[in-house]
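Taking it in order: structure first as structure tokens, then the write-up.
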Amino acid sequence: MFEPSPQSSLQSRKALLDVLDGIDPHRRPLWMMRQAGRYLPEYRELRAKAGSFLSLCYNPQLASEVTLQPLNRFDFDAAILFADILLIPQALGASLSFQAGDGPVLSTVRSSADLAGLSADRVSDLLAPVYDTVARVAALKPEGVALIGFCGAPWTVASYMIEGRSSTRREARLAAILAPSWFQALIDLIVEASIEYLVSQVRAGAEAVQIFDSWAGDLPAHCFERWCIEPVRQIIDGVRAQIPEARVIGFPRAAGTNLLDFAQRVPVNAVAVDAGVSPRVMGRDLAPLCAVQGNIDPLVLLAGGAALDAAVDDLAAAIPKRRHIANLGHGILPETPIAHVDALVARVRLHDGL
Ligand code: CP3
């Protein structure tokens, strides 16, 4: 006969994994994009100690500590690996540095000759410290907390490799439209490296992975299938060829009306959405297809108060907890007060009790 689980084992179930697996969670899972970052004084302190952002990423002891920092403060349901989507270009042979205030600076790829200097051969070796970080976090994280690994989607990673810095991505978008053979080859190379990167993260202990297509919204509609849907699908197929049960969250940010195509055609466990998507659309159109993650505007979290409470209430009313992973629509802003994150957690938990 079926015995209801005692409360303690209910609490130790991972709400985030239950939602990704289509099982009723014991509460609405919650985490925040960029939850380990500059809004936390303890992050700024460790970052200063490490000297640079990249030395923090490649130091498993410090990177695992940073990954766990938000879990020490907040009752979140997931830890996200501390690393960056731009470690892949670096592992492929591009130069990478982060200039204070300016963001990333990379060597550019704009021709077959530029591409010839890159190779996926050393990806495993060069990214081994990241897998070490995953293994450390997997061993140390609190009970009930799921560990999320990640990579950038090929279009977003390619856009940084073409531009060499944060920009309006004019060159990259032109390359997507003209589709020269070197651009297709660059996407293919990123797909290959990303499969290996995600498989290694899952083998090291990541229980789900998120694929960030932060600039999906830059693609004109006729390019969306070829440069967003197709390469992300190839990564997922490649990962699942080796790990059939791998759980994936896709984040085609600002994809607008292409979002529905993405959710229908890419075999994700969940689609993450930005703050431009209404909770009604999340609950009515997306939730029947897969779980939905998001989507409080980072500026609403910065504002706090009634606006934040209303945003949480709208999500809770529109999507059942069985289909929803509460999160922001994009990364938390560095100037966000910690008290507002506490208020976010409290408001999400309030609905669990209703
Ligand atoms: O807490 C987490 O979310 C985990 C770690 C993480 C970082 N970057 C750490 C980081 C994750 C998942 C990312 C993803 C990432 N990186 C994306 C996709 C998500 C998004 O924001 O759209 C992108 C586009 C990048 C590339 C990147 N990394 C840029 C453009 C910048 C500079 C801008 C900025 O926010 O500073 C980074 C730096 C970066 N990545 C920081 C952190 C904590 C700040 C570095 C610092 O300490 O100075």
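Read the figures in this text as sums done on the coordinates, not as results from a lab. Note that the coordinates shown come from a computational prediction; the quantities given were computed from them, not determined experimentally. Every residue, glycine among them, receives a Cβ derived from its backbone with ideal geometry; neighbour counts consider all protein chains shown.
Brief remarks follow.
- Here the contact order of the chain, divided by its residue count and restricted to Cα pairs under 8 Å and six or more residues apart, works out to 20 percent.
- Most fluctuating residue given options Q234, Q99, Q293, as computed from a GNM of the chain linking Cα atoms under 10 Å: Q99
- Once you reduce region 291-324 and region 192-208 to the center of their Cα atoms, the two points are 30 Å from each other.
- The DSSP beta bridges internal to region 6-351 are antiparallel in roughly 15% of cases.
- Zone residues, region 84-126, relative to R226, backbone N less than 20 Å from point 7 Å out along Cα-to-Cβ: 109-113, 115
- Alpha-carbon centroid distance for the pair region 75-94 / region 30-45, whole angstrom: 14 Å
- Student exercise, the chain dipole from Lys, Arg, Asp, Glu Cβ charges, in Debye to nearest 20: 240 debye
- The dipole here belongs to region 1-157: it is taken about the Cα centre, uses +1 on the Cβ of Lys and Arg and -1 on the Cβ of Asp and Glu, and is about 360 debye.
- Ordered by the number of other Cβ atoms lying within 10 Å of each residue's own Cβ, fewest first, S194, S64, S167 fall into the sequence S167, S64, S194.
- Choice from A50, A216, A172 showing the highest fluctuation, given a GNM over the chain with Cα pairs closer than 10 Å: A50
- For region 98-216, size of Cβ-based charge dipole, Lys and Arg +1, Asp and Glu -1, in debye: 260 debye
- Residues listed by number, region 100-125, amide nitrogen under 15 Å from Q184 label point at 7 Å toward C-beta: 112
- Toward the positive end of the charge dipole of region 6-351, with +1 on the Cβ of Lys and Arg and -1 on the Cβ of Asp and Glu, the farthest Cα among A318, S111, A216 is that of A318.
- Two tests apply to each whole DSSP H helix in the chain, Cα reach of 24 Å or more along its axis and mean Kyte-Doolittle hydropathy of at least -0.5, and the ones passing both are 181-204.
- For a straight C-alpha distance cut-off of 24 angstrom, the lysines reachable from K14 (same-chain residues fewer than eight places away being disregarded) are K141, K321.
- Paramagnetic label zone (point 7 Å from Cα along Cα-to-C-beta, D342; backbone N under 13 Å) in region 39-81: 73-75
- Given the chain, longest segment not containing exposed loop GluC sites (Glu not before Pro) (DSSP; at most 15 other Cβ within 10 Å): 1-142
- Going by neighbour counts of Cβ atoms within 10 Å, the residues W227, W31 line up, fewest first, as W31, W227.
- Alpha-carbon radius of gyration plus Dmax, which is the widest Cα pair, for the chain in Å: 19.5, 67
- Sequence of T156, T336 once ranked by neighbouring C-beta atoms within 10 Å, starting from the fewest: T336, T156
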